[in-house]
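The values are calculated or read from the model by the stated rules, or taken from the named source; none is laboratory data. Remember, predicted model here, so these are calculated numbers, not experimental data. In this analysis, Cβ positions are derived from the backbone assuming ideal geometry, glycine residues included, and neighbour counts consider all displayed protein chains. Keep in mind that these areas ignore ligands, DNA and RNA; they rest on the heavy atoms of the full protein, side chains included. Shrake-Rupley method; radii C 1.70, N 1.55, O 1.52, S 1.80 Å.
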Amino acid sequence: MGKTINELQSEVDKRRTFAIISHPDAGKTTLTEKLLLFGGAIRLAGSVKARKASKHATSDWMEIEKQRGISVTSSVMQFDYKGHRINILDTPGHQDFSEDTYRTLTAADSAVMLIDVAKGVEAQTIKLFQVCAKRGIPIFTFVNKLDREGRSPFDLMEEIEQVLGIRSVPMNWPIGSGRELCGVYDRMKNQVELFQGDDHSSIEVQKVEDYNDPVIREMAGEFYHDQLCQDLELLDVAGDPFDFEKVLKGELTPVFFGSAVNNFGVQTFLENFLQLAPKPEPRRSTEGLVQPTDENFSGYVFKIQANMNPAHRDRIAFLRIVSGKFERGMTVKHIRAGKDIKLSQPQQFLAQDRDIVQEAYPGDIIGLFDPGIFRIGDSLSQSGNIIFDELPTFSPELFAKVTVKNALKHKQFQKGIDQLTEEGTIQVFRTVSFDEMILGVVGQLQFEVFEYRMKGEYGVDVQLQRMPYQFARWIVDDKIDPSKFRINSTLVKDKKDNYVVLFENEYAMRTAVDKNPTAKFLEMAP
Ligand code: G4P
């Protein structure tokens, strides 16, 4: 028994499960690929990129994904590096991201925020950051494309604080910039990492006393050394000191500068990250906090991926392991369904192919074959009735009225809506005044997936009519007066009969908040 506990503890200790959050084009695919190369999970540079761009050949890849060459649903990549086992939760980089992207973040213990040095904090980064910040998970920042002309590091730090409301502490600092970039100074280790050769193909690492060390002057030249000293003196006096506790609470983000495509600063980043990032964290449940080292295997479903190929209409439920050891073929309790199920065909998501997993540990993600028995948020446990906290519902930002084209198909239409809502593909609302059905999503792609699946799986052609609303707020009030929500807004109910107001713009929302001081307007369902 003792051996099992030790084994479990050491497997937990070596794991890191994180998501990379960024705006499209910041370099997430490139960074992921470099990380996988370090871990030996892929051998060829270009594999991940090729996957991103290719018309996926495997039969079980979603049809829309094939057509558009983008990742509709997030996937998981696992690799080993210097004694660590790393799980990267991939979030779709395309603008058409979906609620799945947000849900995936709930399975991560930390996040890496990737920022383009020239563009700074962009729209999609802000949204993803906010979901992470709400959970209070540690966030590490990698400022990418340092080989290009960009904004000054001070400028970026200020933007991170102003826009995201988090303090930052640079772990390294660029020496020169853009085409004149010579390298970086590592503030924690007191060393310089300099580009070598015209094509910056190799990197020289040199230990120094501190940033005033004349060795840097020799290597980088007077001009850049003076600038480095000035910047770092200012940082030493006016910047935030490194505070590990604050990092863990998500109050301070360590910032690394580098260039993913040139593989510059990536390895240093990875090594620092592995040292600082938390191992698998406990999760809240009806039985209190469930610790990863609890021997009783448990986990929860955070995503369900439907197969769009009519020949393989299976689904995969993504399970985040919270505690204990998973062994292939084990029988566990499906708490909501109140029955025992055997986990015989679990899939693991490696860098390239799906593999049958024999065993897995807390922090790992496994894919369970789903004949339609799982819902998002379901808890599985080897023993006891552990029910993990419900996953949040995210506020939709795009809305469309949905109707069925052929009224005779109404029954199938309703069935499809019910099942796809249950699965979390879309959120559905009903207007209080006319009982019309409105779909709410966080990304346009969800509408397309919805239309496609309604036709493919339920044989129903639907009509979607976009509506001008941009915000949804769940309203909690003793007395709700629908007549108050007529101008640039509408009152609807969600599937649990909670009242929700949809607003056309921020002004309408602010006015409603001001005019209803006793009501609470919530971004998520109460
Ligand atoms: P994404 O997944 O976040 O959308 O970004 P991706 O890695 O695909 O990178 C977007 C573009 O930025 C790519 O160029 C990529 O090569 C480039 N890039 C990534 N890291 C760096 C960097 O450190 N420096 C510079 N200068 N560029 C970088 P592309 O032209 O769109 O594609 P490709 O022709 O390079 O394949």
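General remarks:
- Note on region 506-526: residues that are open to solvent by 50 Å² or more (accessible area, probe 1.4 Å), modelled with pLDDT of 90 or more and within 23 Å of residue 102 (Cβ to Cβ) total 3.
- Filtered residues of region 263-278 (kept if within 16 Å of the ligand (Cβ to nearest atom) and of a type in the set (Gly, Ala, Ser)): 265
Each row is one residue, and each column tells you yes or no for (1) of a type outside the set (Lys, Arg); (2) open to solvent by 10 Å² or more (accessible area, probe 1.4 Å); (3) out of contact with any Gly (no Cβ under 9 Å at 6 or more places or on another chain).
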| position | (1), (2), (3) |
| --- | --- |
| 107 | yes, no, yes |
| 112 | yes, no, yes |
| 135 | no, yes, no |
| 143 | yes, no, no |
| 152 | yes, yes, yes |
| 155 | yes, yes, no |
| 159 | yes, yes, no |
| 166 | yes, no, no |
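- When the criteria are applied in full, residue 449 meets the requirement of being assigned to a helix (DSSP H, G or I) and either surrounded by 20 or more Cβ atoms within 10 Å (Cβ to Cβ) or among the hydroxyl-bearing types (Ser, Thr, Tyr) (or both).
- Top-ranked residue of region 119-167 - restricted to ones that are within 15 Å of the ligand (Cβ to nearest atom) and of a type in the set (Ser, Thr, Tyr), ranked as modelled with the highest pLDDT: 141
- Meets criteria (over 33 Å from the mean Cα position of the chain (by Cα) and of a type in the set (A, V, I, L, M, F, W, C)) for residue 223: yes
- If only residues of region 240-261 that are open to solvent by less than 50 Å² (accessible area, probe 1.4 Å) and within 14 Å of the ligand (Cβ to nearest atom) are counted, the one that is farthest from residue 186 (Cα to Cα) is 260.
- Residues in region 439-486 that are in contact (Cβ under 8 Å) with a residue 12 or more places away in the chain and among the small types (Gly, Ala, Ser): 440, 443, 456, 459, 472.
For every residue, the table says whether it meets (1) open to solvent by 30 Å² or more (accessible area, probe 1.4 Å); (2) at pLDDT 55 or above; (3) within 25 Å of residue 122 (Cα to Cα).
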site	(1), (2), (3)
18	no, yes, yes
32	no, yes, yes
40	yes, yes, no
79	no, yes, no
89	no, yes, yes
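- Subset of region 99-120 (residues that are out of contact with any Ser or Thr (no Cβ under 9 Å at 6 or more places or on another chain) and within 24 Å of residue 257 (Cα to Cα)): 111, 118, 119, 120
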